[in-house]
Protein chains: 2
Amino acid sequence: MDAINNTTELTETERIDRLRLIRSDNVGPRTFRSLIAHCSTARAALERLPELARRGGGGGRFRIFGEQEARAELEASAKLGISLLAPEESGYPPRLATTEDAPPLLALRGGRETLMRPMIAIVGSRNASAAGLKFAAQLARELSDAGFVIISGLARGVDQSAHRASLSGGTVAVLAGGHDRIYPPEHEHLLATIIEENGAAISEMPLGHEPRARDFPRRNRLISGAALGVVIVEAALRSGSLITARMAVEQGREVFAVPGSPLDPRAAGTNDLIKQGATLVTVASDVIHALEPIMARPLSLPLDEPEGEPLQADPDASDRSRIIALLGPSPVSIDDLIRLADTSPAVVRTVLLELELAGKLERHGGGLVSLV
Amino acid sequence: MDAINNTTELTETERIDRLRLIRSDNVGPRTFRSLIAHCSTARAALERLPELARRGGGGGRFRIFGEQEARAELEASAKLGISLLAPEESGYPPRLATTEDAPPLLALRGGRETLMRPMIAIVGSRNASAAGLKFAAQLARELSDAGFVIISGLARGVDQSAHRASLSGGTVAVLAGGHDRIYPPEHEHLLATIIEENGAAISEMPLGHEPRARDFPRRNRLISGAALGVVIVEAALRSGSLITARMAVEQGREVFAVPGSPLDPRAAGTNDLIKQGATLVTVASDVIHALEPIMARPLSLPLDEPEGEPLQADPDASDRSRIIALLGPSPVSIDDLIRLADTSPAVVRTVLLELELAGKLERHGGGLVSLV
């Protein structure tokens, strides 16, 4: 078991409120956290949503996820053996709970105790070489035997190979779509076997959500976030696995890469990662030794935004236009905005929240924002 | 041209004296340097050799290389277009001249100006894979085009591939035997082409010397010593190329390694080198960028042992037995010996020299010695 204490349990009402909030228009994990920080509860945030969105210039089309819809999603999920858990609940992967943009509710199916154990991600090319597939399986088996849960993306190639080799030790599949929209479809049987063997599947998407191209990078942050470290087995330049590696770096996770011949384009990405400082892996102990000191450190949840500030700050039209003028397509830090906007932090944060809910602002990691 | 000034020219007498000294029993490059440091000239050292060896317990079989033999070697060499040069002479590779155990006379054939240019070593498996051979050629060509001389060991596999690909830019073969004992014999034609193309061959061995197994590691230190850095293309664990890499580290040369699949035993050595800190190479610019700052630094010859100490120190039997008692098969530092022997540094150095000439002492790098 990992070191964090996830022992709270939400009330049904709180779970429904949170589900309604995260499924409403323009609310992602970061906006969700801002709203909770400002409004204290999901219920209060739901009440303020329409007004905030309207002030941000969102027009009349802002949609709040209804209570009946939320109940229906929870019921349909339960029928499929899926729970929707909050970061502070037991069963939510502890390391994922510590990430800045952890899903406020994670849909999970399978062995909860497996999700609480230390995980290592193994990812790589969908069209890996025979050697890459063999090595992925070998490494997954050895790390699994050493007590780690293998987490991956259920994709063809390296992912599949890693899941299969670690079935008996527990393996976790992270889905880009809803739990009833498995991609690729031919891996439904593999997923069933993962669940039978006390492994698990997790997704932040609602049931019925068909995975689109942009959902995969978003999903990749869950793979790296839940893990102590990410091993990239084979990866061409500009491949999805490198996105996972970049996210792992941003999340402070260890990055491991498996080397290959400079003449093999499937090794170009991994060799490049090693040049940039990733740990070269040829045997499981390379990974285990690097992770030992990290496992010894206690986990802590991320710092929330400053609390106790009143959202009641009431920005006027000149505040809004001044703050919008300071924003652009390049990410800027909220701290800089507060310094330059010549008004109170509460006013700046309120305007940002309004813009976000109106679909006009994007939050990045590290307190950065940009106009969409 | 590299930055050191090798502009002295030996007189014929001095060249003959030095050749006699280095070809005498139990005199290697390090002993040669000790003798010169203590006796000032090769001539004076030759005169003192028999007595020093006898006092070290060398028995009556100590053989000094005769003057006629030395003249004969120089003449036979000249007929084959071979010069025997000292580190301070033009044509002696400048970086090799800065090493602790640079050959006091280097037998060289071919383009002297090529030997004065900045070199990069490319070495690797004799039974390299097709990919390894192709990559070695590609890298050699690109580094050659960038103005570097490629230096290697004329072996089968990677060495041959590197030499061939850099013929037109100048390439240097370092021989383990004498210039008339090319190994492997089927590379005589390649060597002839190297020389025709204004490349060169170097050896520290006399004509007629058939290379033995132990001569290859010894030769490898010349490859790494002459180069700015050494690129290892493919290497199994415990292979000769890893000896070259180790020597490169001891000589302060950059070590570069080409990665490969963990499932390929020919990449086990190179992947291991990268784990230990060697620079991963997939393109020529990886090598060039790492060497740029090193090329900018001036070269300097190694510090000689403290001069001006009289070798006239006359150790007695009790000095000898006390110093021998402090020695064993594990290398110890000469500084520690001097501290522990409770006598003058000159006495310690004299006893060490006697033991060396008697074939009982081995000098290692960094001022370390051990009993044979």
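Just going by the charge dipole of region B:1-80, with Lys and Arg at +1 and Asp and Glu at -1 on Cβ, which of B:A78, B:T8, B:A45 is farthest out on the positive end? Highest projection toward the positive end goes to B:A45.
Between B:G111, B:G328, B:G56, the GNM of chain B built on Cα springs shorter than 10 angstrom shows B:G328 fluctuating the most.
If you take the alpha carbon atoms of region A:111-215 and fit the smallest convex hull around them, that volume is 89 Å³ per residue. When the Gaussian network model of chain B links Cα atoms closer than 10 Å, the mean-square fluctuations of B:A313, B:A267, B:A201 top out at B:A313.
With an 8 Å cut-off on Cα pairs and a minimum separation of 6 or more residues, tell me the relative contact order of region A:163-252 in percent. Intermediate values should be presented prior to the final figure.
Numbers: 118 pairs, mean separation 25.3, N = 90.
Relative contact order here is 28 percent.
The P(r) of region A:1-158 has a tail past 23 Å containing 50 percent of all C-alpha pairs.
So how strong a dipole does region B:220-372 carry about its Cα centre when Lys and Arg Cβ are +1 and Asp and Glu Cβ are -1, to the nearest 20 debye? Write out the running numbers ahead of the final one.
Values: 13 positive and 20 negative charges, 113 e Å.
In total the dipole reaches around 540 debye.
Does anyone have the angle between helix A:284-296 and the longest principal axis of chain A? Alpha-carbon axes, 0 to 90°, nearest 10? Helix A:284-296 and the main axis of chain A meet at about 40 degrees. Take each residue in A:266-276, count the other chain C-beta atoms within 10 Å of its C-beta, and the mean is 3. Every pair of different Cα atoms in region B:247-300 enters the Kirkwood calculation, which places the hydrodynamic radius at 12.2 Å.
When chain A is treated as a GNM with alpha-carbon contacts under 10 Å, the residue of A:R238, A:R164, A:R109 showing the greatest mean-square fluctuation is A:R238. Each principal axis of the Cα atoms in the protein assembly as shown has its own extent, and those three values, largest first, are 108, 52, 50 angstrom. Per the Debye formula on identical point scatterers at the alpha carbon atoms of region B:226-372, with no solvent, log10 I(q)/I(0) at q = 0.08, 0.12, 0.15 Å⁻¹ is -0.38, -0.70, -0.84.
Each Cα pair under 8 Å and six or more residues apart adds its sequence gap; the mean of these over the residue count of chain B is a relative contact order of 18 percent. To the nearest ten degrees, helix B:215-226 and the longest principal axis of the Cα atoms of chain B are 70 degrees apart. A simple charge model with +1 on the Cβ of Lys and Arg, -1 on the Cβ of Asp and Glu and nothing else charged puts the dipole of region A:147-211 at about 160 debye relative to its Cα centre. Counting protein heavy atoms only, chain B has 51 percent of its accessible area on carbon and sulfur, 1.4 angstrom probe.
B:I194 contributes an accessible area of around 0 Å² to the protein surface, as traced by a 1.4 Å probe with all chains present.
Using alpha carbons only, what's the Rg to Rh ratio of region A:31-99 with Rh from Kirkwood? Walk me through the intermediate numbers first.
Details: Rg = 15.0 Å, Rh = 14.4 Å.
So for region A:31-99, dividing Rg by the Kirkwood Rh gives 1.04.
May I ask you to work out the translational diffusion coefficient for region A:163-311 at 4 °C, viscosity 1.567 mPa s, via Stokes-Einstein with Rh from the Kirkwood sum over Cα pairs, reported in whole µm²/s? Could the numbers behind the result be given before it?
On the way: Rh = 17.2 Å.
For these conditions, the coefficient is 75 µm²/s.
Over region A:131-282, calculate the relative contact order: mean separation of alpha carbon pairs under 8 Å at least 6 apart, over the residue count, as a percent.
Details: 293 pairs, mean separation 25.5, N = 152.
In percent, rounded to a whole number, it is 17.
Computed from Cα positions, the angle between helix B:12-23 and the longest principal axis of chain B comes to roughly 90 degrees.
Average accessible surface for region A:116-273: 35 Å² per residue, computed with a 1.4 Å probe over protein heavy atoms with every protein chain in place. What separates the A:A296 label point from its copies, with the point 7 Å along Cα to Cβ, is 3.9 nm, written shortest first. Put simply, the amide H of A:I151, placed in the peptide plane, has neighbours under 5 Å in A:I120, A:A121, A:I122, A:V172, leaving out anything fewer than 5 places away on its chain.
Ratio of Rg to Rh for chain A: 0.99 [Cα atoms; Kirkwood radius as inverse mean 1/r over pairs]. Across region B:31-42, rounded Karplus estimates of 3J(HN,Hα) from the backbone phi angles (6.51 cos²θ - 1.76 cosθ + 1.60, θ = phi - 60°) give 5, 3, 5, 4, 4, 5, 4, 8, 9, 6, 10, 5 Hz, Gly and Pro being marked x.
Size of the dipole of the protein assembly as shown about the Cα centre, Lys and Arg at +1 and Asp and Glu at -1 on the beta carbon, nothing else charged, in debye to 20? Spell out each step's value before the answer.
Working: 82 positive and 96 negative charges, 255 e Å.
Roughly 1220 debye, rounded to the nearest 20.
Buried surface for the A/B pair, taken as the accessible area of each chain alone minus that of the pair with a 1.4 Å probe, is close to 1300 Å² in total.
The values are calculated or read from the model by the stated rules, or taken from the named source; none is laboratory data. Quick caveat: nothing in here was measured; it's all calculated off a predicted structure. Counting neighbours? That spans all protein chains shown, and the Cβs are built from the backbone with ideal geometry, glycine included. Protein only, heavy atoms only, side chains kept; ligands, DNA and RNA dropped before computing areas. Shrake-Rupley method; radii C 1.70, N 1.55, O 1.52, S 1.80 Å.
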